[in-house]
Amino acid sequence: MIRVVLPAHLSLLIGRHGELTLIVDEPVTQRRLLDSLEEAYPVLRGTIRDRVTHQRRPFIRFFACEEDLSHDSPDSVLPEPVIRGDEQFFVVGAMAGG
Amino acid sequence: MASVRVLVGTRKGAFVLSADGARASWNVAGPFFEGWEIYHVKASPVNPERIYASQSSGWFGQIIQRSDDGGATWAPVGNEFTYDGVPGTHQWYDGTPHPWEFARVWHLEPSLRDPDTVFAGVEDAALFKSLDGGENWSELSGLRGHGSGPLWQPGAGGMCLHTIVESPRDPDRLFVAISAAGAFRTDDAGVSWKPINRGLRSGGIPDEDAEVGHCVHRIALHPSNPDVLYMQKHWDVMRSLDAGESWHEVSGDLPTDFGFVIDVHAHEPETVYVVPITSDSVHFPPEGKLRVYRSRTGGNEWEPLSRGLPQSHCYVDVLRDAMAVDSLDECGVYFGTTGGQVYASRDAGDSWEAIVHDLPAVLSVEVQTLA
């Protein structure tokens with residue numbers, strides 16, 4: 001079971017706050033996690049990554065285990081603590097402003 | 001008894017303001033979609049319980065929301081806006097070719113005839129249409145493809161299709177306006193388009209009276225005479241008597257003819273409202289006095305309307321989609337400001353009061369007159 005935390009805007013959009021849990025087929029990659037997330041909540045299609053190219057949107061970041069995974073290959077396996085459910089996978093709206 | 005519902009889009013959510021026909025006491029519902037930019041909220045004229053909202057974010061992209069109960073509850077519908085074919089390029093700010101890229105929906109125009117049909121004006125400028133209540137969208141690509149598309153260039157706010165006006169007389173006729181390309185018309189339901197900018201003169205482009213390149217801010221018409229169009233251009237207030245074939249300036253005695261909004265009285269086709277803004281570099285009212293100007297002669301002769309509006313130290317802007325009228329016997333006029341006020345007049349503009357004071361910056365105001 002993968003534990004996912006969405007930013008407030010997207011939690012509002014799906015009408016569910018707090019941590020989500022997803023079942024993701026192995027090997028558990030960023031791509032598979034996002035596929036599962038979008039399958040469970042279709043309204044998220046296009047909000048985290050491009051609908052067609054699946055490129056991460058420019059101001060979206062992925063954090064887990066105190067690491068920034070945003071620039072990892074979408075097909076690289078996620079950290080073991082995330083796969084075990086010990087750590088959360090954070091979808092984050094990049095900090096911006098002044 | 002009749003009632004009114006004012007639909008307000010802001011930088012941080014949507015609000016629904018409602019009142020009975022007296023328009024003296026207002027109920028405020030919202031924020032809906034808090035934290036999201038709501039560029040536009042507009043109801044179907046055929047089914048007033050159906051309302052569409054454009055919800056967007058620089059972080060999370062575009063969502064379209066729909067309500068089927070007058071704004072009490074909402075559900076997301078389709079948000080896939082894919083340009084038809086190979087999108088090609090338009091001009092970038094520096095004159096270089098730039099690929100067409102979808103950014104957001106600026107304006108939603110529910111059809112005058114069918115509650116499931118709705119048009120969307122988007123950035124980068126294109127027109128989309130849905131026939132199923134916003135679930136699926138397809139581009140009316142004849143607009144971008146008619147020939148001048150590669151010459152279009154963004155205005156300061158982006159290259160947006162922000163105005164969609166359906167002719168109440170002819171179901172195949174639509175007018176749209178694009179910053180900074182100009183106005184366009186189709187007479188065959190969006191298959192083919194032509195620029196309708198003859199008579200416009202814009203100092204900010206190399207050829208002042210070019211066929212395209214004008215920064216049109218807003219177009220309005222009165223349903224009783226859909227060949228008469230009013231336009232607030234970047235600078236200049238314009239009028240056309242022939243469905244956009246030609247335009248002439250009616251700025252007349254306005255203190256400044258820069259502005260964004262323009263609208264027409266519900267019952268008087270020659271009565272027009274604008275809100276003059278100082279200039280393209282100073283986006284607040286002249287002298288810090290917020291004044292609506294009304295012409296009862298289709299332009300040229302304008303009177304300031306200031307009773308109830310702040311007449312000192314007022315430095316707000318009124319954006320292009322942020323004025324609307326109701327159709328009660330005594331026409332109500334409404335506009336929203338970047339300072340978060342929504343002002344209403346129950347007497348066609350003679351006097352005003354703020355029905356809300358402290359919303360986020362207002363992007364759009366629409367009004368429903370309910371039986």
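Each value in this text was obtained by applying a stated rule to the coordinates, not by laboratory testing. For clarity, every value in this text was computed on a predicted model and none was experimentally measured. Don't worry about glycine lacking a Cβ; one is built from the backbone with ideal geometry, like all the others, and counts go over all protein chains shown.
With the helix formula -39500 (n - 2.57) applied to DSSP H stretches of n ≥ 4, the protein assembly as shown reaches a computed 222 nm mean residue ellipticity of -1500 deg cm²/dmol. In whole angstrom, chain A maps to an equivalent ellipsoid with semi-axes of 18, 15, 15, each derived as √(5λ) from the alpha carbon gyration tensor and ordered largest first. The fewest-to-most ranking of A:L34, B:L319 by surrounding Cβ atoms within 10 Å reads A:L34, B:L319. For segment B:227-286 and segment A:1-73, write down the distance between their C-alpha centroids in whole Å. That distance is 47 Å. At an R0 of 22 angstrom, the distance between the Cβ atoms of A:D50 and B:D114 translates into a FRET efficiency of 0.10. Share of pairwise Cα-Cα distances greater than 41 Å in chain B is 5 percent (whole percent). Which percent of the Cα-Cα distances in segment B:75-179 go past 19 Å? The share of Cα pairs beyond 19 Å in segment B:75-179 comes to 41 percent.
Across all Cα atoms of the protein assembly as shown, the radius of gyration (one decimal) and Dmax (whole number) stand at 23.0, 74 Å. With Rh defined as the Kirkwood radius, the inverse of the mean 1/r over Cα pairs, the Rg/Rh of segment B:131-204 is 0.98.
Bridgeable lysines around B:K129 (alpha carbons under 22 Å apart, same-chain partners fewer than 8 residues away excluded): B:K42, B:K194. Remark: mean inter-chain Cβ contacts per residue of B:22-35 equal 1, using a 10 Å Cβ-Cβ cutoff to other protein chain atoms.
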